[in-house]
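These notes concern the structure reproduced below.
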Amino acid sequence: MAVRDITLGQYFPGESCIHRLDPRVKIVCTFVYLISLFVVKSFSAFLLCILFLGTVIALSKIPFKFISKGLKPVIFLIILTMVINLFFVSTGDVLAKLGPITITKDGIYRALFMGLRLVLLIFGSSLMTLTTKPIELTDGMEKLLSPLAKIGLPAHELAMMMTIALRFIPTLLDETDKIMKAQTARGADFENGSIKEKAKALIPLLVPLFVSAFRIAGDLAMAMEARCYHGGSGRTRMHQMKLGKGDAVAIAVTVIYLALVILSRQLPLL
Amino acid sequence: MASDPMIQLKDVRFAYEQGEDDTPQAAEFAIDGVSFNIEKGSFVAIVGSNGSGKSTLAKHMNALLLPTSGEVLVDDLNTVTESQTQPWEIRKRVGMVFQNPDNQLVSSVVEDDVAFGPENIGIEPSEIRRRVDESLQMVGMYEHRKKGPHLLSGGQKQRIAIAGVIAMDPECVVFDEPTAMLDPKGRREIMSIIRKLHSQGRTVVLITHFMEEAAEADRIIIMEHGKVHADGTPAQIFSRDDLGVLALPFAVKMAKRLRQSGIDVPADIVTDEQLADFLCSKEQG
Ligand SMILES: Nc1ncnc2c1ncn2[C@@H]1O[C@H](COP(=O)(O)OP(=O)(O)O)[C@@H](O)[C@H]1O
Ligand SMILES: [Mg+2]
């Protein structure tokens, strides 16, 4: 059982103009896009969203099948949402009636509408994680949140926690693999048995894993102190984030897009 | 030059657990009355069996631990008083490399990890960039700068850890068994970097249990039960007959055998290289 095969984050390496955007710009633009999906009132206005998303996907040069992979873990949720809307919206022309359940024209409309919104939501957010390294996202978050440090939000500390988590996920996966092998050699069985037995089999895995995680944490804290770490104050960063031309274009396009989406609510023909 | 100490230990005692009411018993001291100086630019090896207090002593050299009694001066700064305000003033002078390469790297990108130390002491971004590139080149890991540490071997990770320390430009580097978890190839690479650091004029303290590595130092200190058991040049140390469990380096054993069979090998020959050079000159002469 190769625990290492679990992919971390889902960064898709590339050099496209979307990859090269400043992570802060990507976070903000993604956020705006996600909000825009909730501003949209009609199918025709979704065309705007699809156009925007489609352009970004094309620019990112990421194969569509990678992006659609993001749907897999939530496909059930999407279907459930659609089914609920389909069966429980009771306004509009009735098309069919099965006992207490009525299927109406409005219901079909709502189901498709919600489904499309969720799909666009997932595509948009996975596009951000596909084109940005996790460490860049972390740095971007830290920068964006740093003004909130004044009101007590520990922006630096949160970012440092994320950085360390990213660094040690592979280490802990390795450790898990090692312990699993050691316990299997002692006769533990992680593969077979009922759910209850499987859960029980996890105890001899989790206990050593926690011990080792605490040991690593102790060592790392010592090493960080030895390297002069004393929190975020007085700390500089090697990577300076600078907004470039591409970032300006991205912001401009996103603002225009948002304006159009808001306008689309006013225009009855859209 | 003769007395320009980098680190001064003055009757240092340290107990990990201190009772609230009574002072710790002698047996509880991990470090028990240690006094010595480490001169600037010297290369000192510290050896001793497991639990003899080497790591505890090392952590006193950059204020990671503070003495229970006695005092430690780093570049004439007292670690106790300095720690109250700015312990990093000590730690940027004395860098430290630990045994486990995995547990001392902070970032999931090699170059970001090397930048961590300089960032903490508030160096200018462009200067950090320069130092990061320079130290990565020095340890021969420049081409791996964008990788994740989990893709590197133990020896490579340890080289990154060393680069991270060099990037802070410390006067002194303390290595706590840096090769203990590495294969022979990784060990050789780390030793050659340590030699390079020493030749740059930096003070090097190397804790090791490989006597071959200790033989390369100018001075060896043997620790036992938290006390200094012996202190001298490699030649002096290896001629003692109370080394206990510590195995002599191969070159010293070889020299002894050669002496027994009538070849007069000088006592100051302690490394393989010195022995090889001596034997070759013998051949020609
Ligand atoms: N964190 C700790 N807490 C309590 N005792 C410790 C701790 N670390 C080391 N010791 C004890 O201090 C003594 C010296 O340990 P250490 O300095 O690690 O020796 P060495 O590095 O030579 O193997 C040992 O007896 C050890 O058990
Ligand atoms: Mg030790």
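Coordinate-derived values only; no laboratory data. Since this is a predicted model, take the numbers as computed values, not measurements. Using ideal geometry, Cβ is built from the backbone for each residue, glycine included, and neighbour counts are taken over all protein chains shown.
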Based only on other Cβ atoms within 10 Å, what is the fewest-to-most ordering of B:Cys280, A:Cys17, A:Cys29? B:Cys280, A:Cys17, A:Cys29
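DSSP loop (so not H, G, I, E, B), at most 16 other Cβ within 10 Å: list which trypsin sites (Lys or Arg not before Pro) in segment B:103-183 pass both filters. Write out the running numbers ahead of the final one.
Values: sites: B:Arg129, B:Arg130, B:Arg131, B:Arg145, B:Lys146, B:Lys147, B:Lys157, B:Arg159; in loops: B:Arg145, B:Lys146, B:Lys147.
For trypsin sites (Lys or Arg not before Pro) across segment B:103-183 that sit outside H, G, I, E and B with at most 16 neighbouring Cβ atoms in 10 Å, the list reads B:Lys146, B:Lys147.
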Can you give the net charge of the other residues whose Cβ lies under 15 Å from the Cβ of B:Val139, counting K and R as +1 and D and E as -1? +4
Counting only complete DSSP H runs, which helices of chain A cover 30 Å or more along their long axis at the Cα atoms and score a mean Kyte-Doolittle of 0.5 or above? A:105-131, A:195-226, A:245-266
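Which whole-number percentage describes the relative contact order of chain A, with Cα contacts under 8 Å and a sequence gap of 6 or more? Can you show the working numbers first?
Values: 235 pairs, mean separation 80.2, N = 270.
Normalised by residue count, the contact order of chain A is 30 percent.
If we sort B:8-14, A:210-216 on the protection proxy, mean other Cβ atoms within 10 Å, highest first, what's the order? Walk me through the numbers on the way to the answer.
Details: B:8-14: 19.1, A:210-216: 13.1.
Highest-to-lowest ranking by the protection proxy: B:8-14, A:210-216.
Between A:Leu59 and B:Gln84, what's the calculated FRET efficiency when r is the beta-carbon distance and R0 is 56 Å? Round to 0.05. Mind dumping the intermediate values first?
Values: r = 55 Å, r/R0 = 0.98.
That pair, A:Leu59 with B:Gln84, gives E of 0.55.
From the C-alpha coordinates alone, can you work out the Kirkwood hydrodynamic radius of segment B:78-223, in Å? Kindly include the intermediate steps, with their values, before the conclusion.
On the way: mean 1/r = 0.0642 Å⁻¹.
When all Cα pairs of segment B:78-223 are included, the Kirkwood radius is 15.6 Å.
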Taking the alpha-carbon centre of each part, the distance from segment B:244-285 to segment A:176-220 in Å is 50
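Report the net charge of residues surrounding A:Ala45, where surrounding means a beta-carbon distance below 13 angstrom and charges are Lys +1, Arg +1, Asp -1, Glu -1. Walk me through the numbers before you get to the answer.
On the way: positive: A:Lys41, A:Arg117, A:Arg265; negative: none.
Here the charged neighbours net out to +3.
Provide the net charge surrounding A:Arg215, with neighbours chosen by a C-beta distance below 13 Å and charges set as Lys +1, Arg +1, Asp -1, Glu -1.
Details: positive: none; negative: A:Glu175, A:Asp219, B:Asp102.
Within the 13 Å Cβ shell, the charges total -3.
Calculate the FRET efficiency for A:Lys97 and A:Ile50 from the Cβ-Cβ distance with a Förster distance of 41 Å, rounded to the nearest 0.05.
Working: r = 34 Å, r/R0 = 0.83.
Efficiency, rounded to the nearest 0.05: 0.75.
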Each residue of B:118-129 has, on average, a number of other protein chain C-beta atoms within 10 Å of its C-beta equal to 5
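Give me the one-decimal Kirkwood hydrodynamic radius in Å for segment B:5-248, with the sum taken over alpha-carbon pairs. Working shown, then result.
Values: mean 1/r = 0.0541 Å⁻¹.
Averaging 1/r across every pair of different Cα atoms and inverting gives 18.5 Å.
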How many nm separate the modelled label positions at B:Met181 and B:Ala247, each set 7 Å beyond the Cα in the direction of the Cβ? 2.2
